[in-house]
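Okay, structure first, notes after.
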Amino acid sequence: MDKNCLHCTNVRKVVMIGCGFVGAACCFSIMQSGLFSEMVLIDSDKAKAQGEALDISHGVPFSKPIKIYAGDYDDIKDASLIIISAGANQKNGETRLDLVKKNISIFKSIIPEIKKRNFNGILLIVANPVDILTSVALKLSGLPENKVIGSGTVLDTARLKYELGNRLNVDPRSVHAFIIGEHGDSEIAAWSSANVSGIPLHKFCEMRGHFDHEKATKIIAQNVKNSAYEIIEKKKATYYGVAMAVKRICEAIVRDEKSILPISSMIHGEYGIKDICLSMPAIIGKDGVETHVPIQLNEEEISNLKKSAQTLQDILEQNEI
């Protein structure tokens, strides 16, 4: 690699900005994946970043070789992927959208520093509210739309599969269903396209002795939506689940898997929605978003998706982004 080339990237170098609960858990999960050979941790509290880097590094003898260290923004220039988890934590009783003003302000200090270094890789936003902050990062960074993505509803979708797997007593990896829209209170469970190994969900439920579909789907969707609130109430923060979701997105990017994941990215006209970052299934590979994937939705789901998009659009307009 030409060290003087502004557009050269080291595909095996990742940067984490923000070393709180989520950032540290993501770094630990990514270290175990063997995807990268170099990981830089950046935090406003340099000692915190140093401590996390040292702690995680002590596990390297049990994993794959990787150089892990605390750095600064000058260390990002040749990275292929920057993950941003920096931001205020969601507190008990607080919605993700309540974090908007605080975290937009934080992003206005972070993204210009990235832009100054002529970063040419992929930005993966994890901080909440993730859809709003993905829009902010896209606008402030000047990067191509396909290279700015949010973790979106990848975790919510995993929670949905977990709930369905438990109910049906089946491997959740055999469940194919998506949570779409906002990663938050207006999220939508796309029941119309849900299936278990190609068998429509309602039919599979009946095979397993479950017949009250409408009641069950409402309960499951509510459980998924409230998962974060329940965890925060019990242990003050959520971080393991999202760390696994972030690792999964990294796998799709680094291995150029062309995997379909419900990440957050800019929408241009799908389902009558445009000019907003929203969580929808998309093909993910080495260049970020390759294309969005249309899934079957009924009229009610499309209507709720539009409402979810409008909720996010209103927030952006209120904050003049």
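The values are calculated or read from the model by the stated rules, or taken from the named source; none is laboratory data. Note that this is a predicted model, so its numbers are computed, not measured. FYI the Cβ positions are ideal-geometry reconstructions off the backbone, even for glycines, and counts take in every protein chain you see.
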Test result for residue 71, on the phi > 0 side of the Ramachandran plot and touching a residue at least 40 places away in the same chain (Cβ under 8 Å): no
Residues within segment 235-257 that are in a loop (DSSP other than H, G, I, E, B) and either over 12 Å from residue 284 (Cβ atoms) or modelled with pLDDT under 95 (or both), tallied: 4
Some residue of segment 260-273 being at pLDDT 95 or above and more than 26 Å from residue 111 (Cβ to Cβ): yes
Residue tally, condition out of contact with any strand residue (DSSP E or B) (no Cβ under 9 Å at 6 or more places or on another chain), surrounded by 14 or more Cβ atoms within 10 Å (Cβ to Cβ) and among the charged types (D, E, K, R), over segment 261-305: 0
Of all residues in segment 25-61 being without any contact (Cβ under 8 Å) to a residue 60 or more places away in the chain, touching a strand residue (DSSP E or B) at 6+ places or on another chain (Cβ under 9 Å) and assigned to a loop (DSSP other than H, G, I, E, B), the one that is surrounded by the most Cβ atoms within 10 Å (Cβ to Cβ): 43
Any hit, segment 7-17, residues being of a type in the set (Ser, Thr, Tyr), touching a residue at least 60 places away in the same chain (Cβ under 8 Å), crowded, with 17+ Cβ neighbours inside 10 Å and assigned to a loop (DSSP other than H, G, I, E, B): yes
Any hit, segment 157-175, residues being assigned by TED's automatic domain parsing to the domain that holds residue 262, in a helix (DSSP H, G or I) and touching an Asp or Glu at 6+ places or on another chain (Cβ under 8 Å): yes
Sole exception among (1) modelled with pLDDT of 95 or more; (2) touching a Phe, Trp or Tyr at 6+ places or on another chain (Cβ under 9 Å) for residue 87, by number: (1)
Number of the condition not met by residue 18 [criteria: (1) closer than 12 Å to residue 84 by Cα; (2) more than 18 Å from the chain's Cα centre (by Cα)]: (2)
Residue tally, condition more than 14 Å from residue 169 (Cβ to Cβ) and in a loop (DSSP other than H, G, I, E, B), over segment 198-210: 1
Condition broken by residue 215, with the remaining ones in (1) assigned to a helix (DSSP H, G or I); (2) at pLDDT 95 or above; (3) of a type outside the set (Val, Ile, Thr); (4) more than 14 Å from the chain's Cα centre (by Cα) satisfied: (2)
Subset of segment 67-85 [part of a loop (DSSP other than H, G, I, E, B) and either hydroxyl-bearing (Ser, Thr, Tyr) or touching a helix residue (DSSP H, G or I) at 6+ places or on another chain (Cβ under 6 Å) (or both)]: 85
Some residue of segment 100-108 being outside any loop (DSSP other than H, G, I, E, B), surrounded by 19 or more Cβ atoms within 10 Å (Cβ to Cβ) and of a type in the set (Phe, Trp, Tyr): yes
Options 295, 232: the member that is of a type in the set (Val, Ile, Thr), touching a residue at least 60 places away in the same chain (Cβ under 8 Å) and part of a helix (DSSP H, G or I): 232
